[in-house]
1. Please verify whether segment A:82-94 includes one or more residues that are part of a loop (DSSP other than H, G, I, E, B) and within 12 Å of chain B (Cβ to nearest Cβ).
2. I'd like the full set of residues that are surrounded by fewer than 16 Cβ atoms within 10 Å (Cβ to Cβ) and among the hydroxyl-bearing types (Ser, Thr, Tyr), limited to segment B:29-43.
3. Under 8 Å by Cβ, and 6 or more places apart or on different chains, what pairs join a residue from segment B:19-48 that is closer than 16 Å to B:SER1 by Cα with one that is acidic (Asp, Glu) and not in a strand (DSSP E or B)?
4. Select from segment A:1-57 the residues that are surrounded by 18 or more Cβ atoms within 10 Å (Cβ to Cβ), among the small types (Gly, Ala, Ser) and in a strand (DSSP E or B) and write down the one among them that is nearest to the other protein chains (Cβ to nearest Cβ).
5. Being at the interface with chain B (Cβ under 10 Å from one of its Cβ atoms) and more than 11 Å from the chain's Cα centre (by Cα), is that true of even one residue in segment A:99-106?
6. Please find, among B:ILE114, B:ILE68, the residue that is more than 14 Å from chain A (Cβ to nearest Cβ), surrounded by fewer than 21 Cβ atoms within 10 Å (Cβ to Cβ) and not small (Gly, Ala, Ser).
7. Mind telling me which of the residues B:ILE4, B:ILE12, B:ILE21 ends up being loosely packed, with under 13 Cβ neighbours inside 10 Å, touching a strand residue (DSSP E or B) at 6+ places or on another chain (Cβ under 7 Å) and of a type in the set (A, V, I, L, M, F, W, C)?
8. Quick check on my filter: what residues within segment B:7-27 are among the polar types (S, T, N, Q), more than 14 Å from chain A (Cβ to nearest Cβ) and either touching an Asp or Glu at 6+ places or on another chain (Cβ under 9 Å) or part of a strand (DSSP E or B) (or both)?
Amino acid sequence: QKEVEQNSGPLSVPEGAIASLNCTYSDQGSQSFFWYRQYSGKSPELIMFIYSNGDKEDGRFTAQLNKASQYVSLLIRDSQPSDSATYLCAVLVAAGNKLTFGGGTRVLVKP
Amino acid sequence: SAVISQKPSRDICQRGTSLTIQCQVDSQVTMMFWYRQQPGQSLTLIATANQGSEATYESGFVIDKFPISRPNLTFSTLTVSNMSPEDSSIYLCSAADRNGNQPQHFGDGTRLSIL
């Protein structure tokens, strides 16, 4: 079982709709959770991080964390074509302060 | 957040040669890391670069192949040694501002192709 799992997609979303991305993790001791956006040919860019159960909102992005279910999600509201990218979920595992990345979800926002 | 500069941004190398990638951060950071991203794949941690001591390597990565230096709190290098076509990847440096719990930010990466 992979430590951090994401649906590879592509997730096709009409412009203006909500994109919902999911991520599950296996290490119950995981402390911190991050979402990165990666455009083709570019390096990952941090867009959200969340440490506590519940929701965290930043502009059009909302991260949701449920530690009991070992589940973290990212919502993108009012999706724009510029949101088309691969979104990487990353989890800080308890031992060693190391980030483990999921395989990424490719999002396509269609005008 | 810290600004991270990597160079070279890309290179094409002959098999059997070695290449050193530099990573410079514009402020002192506690943690620096090196990742590899193979074509179409996600990021895999190679090692944690420790200031003043040997790097901590992940399973599957060894010092002889990927020697790492970190002489101070703002600079690190990764060398890819005795390269083969399988080493063709993007190599990424990241840094965390205070401790490992803080978000990591990435440099622009080094796109490496081995002929």
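1. Within segment A:82-94 (the criterion being part of a loop (DSSP other than H, G, I, E, B) and within 12 Å of chain B (Cβ to nearest Cβ)), the answer is yes, since at least one residue qualifies.
2. Filtering segment B:29-43 down to residues surrounded by fewer than 16 Cβ atoms within 10 Å (Cβ to Cβ) leaves B:30, B:38-41.
Listed by number, the list holds a single entry, B:THR30.
3. Going by the 8 Å Cβ cut-off, the qualifying pairs are B:SER27/B:ASP97; B:VAL29/B:ASP97; B:THR30/B:ASP97.
4. Residues of segment A:1-57 surrounded by 18 or more Cβ atoms within 10 Å (Cβ to Cβ): A:4, A:6, A:11, A:13, A:19, A:21, A:23-25, A:30, A:32-38, A:43-44, A:47-50.
Applying the additional criterion that residues be among the small types (Gly, Ala, Ser) yields A:19, A:30, A:32, A:43.
Still in the running and in a strand (DSSP E or B): A:19, A:32.
Values: A:ALA19: 19, A:SER32: 6 Å.
Looking at residues that are surrounded by 18 or more Cβ atoms within 10 Å (Cβ to Cβ), among the small types (Gly, Ala, Ser) and in a strand (DSSP E or B), I get A:SER32.
5. At the first step, the residues of segment A:99-106 found to be at the interface with chain B (Cβ under 10 Å from one of its Cβ atoms) are A:99-104.
After this cut, where a residue has to be more than 11 Å from the chain's Cα centre (by Cα) as well, the list is A:99-100.
Looking through segment A:99-106, at least one residue is at the interface with chain B (Cβ under 10 Å from one of its Cβ atoms) and more than 11 Å from the chain's Cα centre (by Cα).
6. Working: B:ILE68 fails: surrounded by fewer than 21 Cβ atoms within 10 Å (Cβ to Cβ).
Criteria check complete, one pass: B:ILE114.
7. B:ILE12
8. Going residue by residue through segment B:7-27, those that are among the polar types (S, T, N, Q) are B:9, B:14, B:17-18, B:20, B:22, B:24, B:27.
With more than 14 Å from chain A (Cβ to nearest Cβ) added as a condition, the list becomes B:14, B:17-18, B:20, B:22, B:24, B:27.
Result: B:THR20, B:GLN22, B:GLN24, B:SER27.
The values are calculated or read from the model by the stated rules, or taken from the named source; none is laboratory data. Computed from a prediction, not measured in an experiment: that's the story for all the values here. Every residue, glycine as well, gets a Cβ built from its backbone with ideal geometry; the counts of neighbours run over all protein chains shown.
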